[in-house]
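Worksheet: the structure to be examined is printed underneath.
The values are calculated or read from the model by the stated rules, or taken from the named source; none is laboratory data. Here the structure is a predicted model, which is why all the values come from computation and not from measurement. Here the Cβ positions follow ideal geometry from the backbone for every residue, glycine too, while neighbour counts run over all protein chains shown. Only protein heavy atoms, including side chains, enter the accessible area calculation; ligands, DNA and RNA are left aside. Shrake-Rupley method; radii C 1.70, N 1.55, O 1.52, S 1.80 Å.
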Amino acid sequence: MDSSVATQNHETSRKFHSEQTLVDVEDIISELHEITLGHILCFLPTMEAIHTCVLSRRWIEVWKSITSLQFNDSSLCSGKKMQQEQFVHFVNRVLLHLVDSSIQSFSLCLTCYHYDVSQVSAWISTILEKGVHKLRIQYADKVVLSSHSLFNCSSLVHLVLQMRCTLSVPIFASLPNLQNLSISGIKLVSESSTYSEDIILSFPVLKVFEARGCEWSTMQNISIQAPLLETFSIAIWNSQSNETCKSSIKIFGPHLTDFSYEGDLEQDIILLKPSSIRSASVVIVIDEDKKNRMEKLGFQAHMLLRQIHEVERLKLLFYKVIMHAKDIFANLPVFGRLTYLQLNEVTGEALLNILHNSPNLNTLVLLNGVCDLNKDILTSASVPHCFMSSLKVFQFKGFNVHDHELCLVKFVMAYAAILERIAISTAFWLRYSDIDLEKVKEQILSFPKCSSVAMIEFSDVNGS
């Protein structure tokens, strides 16, 4: 009997202490300062964070201290997508009752409905006035973005704008704390009525700059001053516009290491301090109705390549270009540091030119085969220096089994002295042809090899 009572008392005591521990934990959380609780709620989706107001009286006002907001009109509320009116009311209510004057992070993704321009613009202005650090806006419709509000928001550290809007830029604009900038769909125009001065965009601590599908001023030079810039990526197509482009985009980035350009080169790209660039990607696409400017294109492409001749890795892709602007690879600079090269739509003559100017090339990747290769050129051509000293990997993707492509493979195998690997991936259409690929493989394997250690790999487009 005493043992039973002792056991019961022990269980009662253990249960009491367990409940007391839970109570203590709850008390500790409840006693935290609202700012701390608001920070904790930042790790929840905004909708769920606000729903914590039903937990107790203590939590009714806590959500008003959150500093990270995420609004997405495709999000579910009680298992259902909110109607447009509900969503607008929700965003307005949250922005109206926020206590903290400083917002760390704000994300607005609008993909389901069309909104009143003034409504979306008001949301953005409100957040900019609260000293936001990270701002992300995604919206397909037109928006009015106040340049005054944007360029006076010195707190911005991370800015992503994916929307259609016209931004009037002053002659000199600065965002002193911005470290990461990504914009798309933005049309940049000058506030000035004269075009005698460059538009200067100053970003003292910017490290990453990305711009896709933006419309840049076609009459005025734009200068981007970013002394700490490490990555610059721009995709720009002016061919959709009927305006004559007379401007340039100048980039001052003495610490720039990664450079990427995609477009039609109607605007000059001027790299003021290009020697630090180690990796570059240049993709040039020209519409069929722009063939009349191929001569100018060749000159512009040539000048761009001269600016990045000290890169170590280069991806150089041309679409609808190389057959009309063959002089791009004439009189090339020496790419003395280049170890990796990827090419697309290249002629045999152009390929040899760039190989002769890449003495330290280690890896060569050809996409979609080669075009316009005269067999006599390979017969009489001198062997590139990299074949004897550095070329170890040759990847031939989109191999079409044309005679001139077989001659190129034979040329590489015959003269690449330290080659370690040849990877040949056949073109997609060959799986539907009557070409006996096994015989093609046997033919390639029968080619004499200068390197005794070179391994030859064959695969189709799926890698099998």
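Dipole check for segment 340-407: with +1 at the C-beta of Lys and Arg, -1 at the C-beta of Asp and Glu, and the Cα centre as origin, the magnitude is about 300 Debye.
Pairs from the list Lys81/Lys134; Lys187/Lys207; Lys80/Lys142; Lys410/Lys449; Lys250/Lys273 with a Cα-Cα gap above 18 Å: Lys81/Lys134; Lys187/Lys207; Lys80/Lys142. Ranked by the mean number of other Cβ atoms within 10 Å of their residues, highest first, the peptides 430-437, 167-174, 277-284 fall in the order 277-284, 167-174, 430-437.
Rounded, prolate or oblate: which one fits segment 335-464, using the alpha carbon gyration tensor with axes a ≥ b ≥ c (rounded when a/c is under 1.5, else prolate when a/b beats b/c, else oblate)?
Cα axes put segment 335-464 in the prolate bin.
With the simple model of a label 7 Å out from the Cα in the direction of the Cβ, Glu191 to Ser276 spans 2.9 nm.
Add +1 for every Lys or Arg and -1 for every Asp or Glu among the other residues with Cβ under 14 Å from the Cβ of Leu391, and state the total.
Values: positive: Lys392, Arg421, Lys449; negative: Glu420.
So the environment of Leu391 carries a net charge of +2.
Please report the carbon-and-sulfur percent of the accessible area for segment 358-464; probe 1.4 Å, protein heavy atoms only, DNA, RNA and ligands left out. Intermediate values should be presented prior to the final figure.
Values: 2840 of 5450 Å².
Using a 1.4 Å probe with all protein chains present, segment 358-464 comes out at 52 percent carbon and sulfur.
Distant-in-sequence amide contacts of Phe106, defined by a placed amide H-H separation under 5 Å and a gap of 5 or more residues or a different chain, comprise Leu69, Lys134, Leu135, Arg136.
Measuring r between the beta carbons of Gln119 and Lys80 and using R0 = 30 Å, the FRET efficiency lands at 0.85.
For every other residue with a beta carbon closer than 13 angstrom to the beta carbon of Ile171, add +1 if it is Lys or Arg and -1 if Asp or Glu, then tell me the sum. Display every interim value, and only then the final one.
Values: positive: none; negative: Glu191, Glu197, Asp198.
Net charge in that neighbourhood comes out at -3.
What is the sum of charges, Lys and Arg at +1 and Asp and Glu at -1, for the other residues whose Cβ falls under 12 Å from the Cβ of Ala122? Write down the numbers at each step before the final one.
On the way: positive: none; negative: Asp116, Glu129.
For residues surrounding Ala122, the net value is -2.
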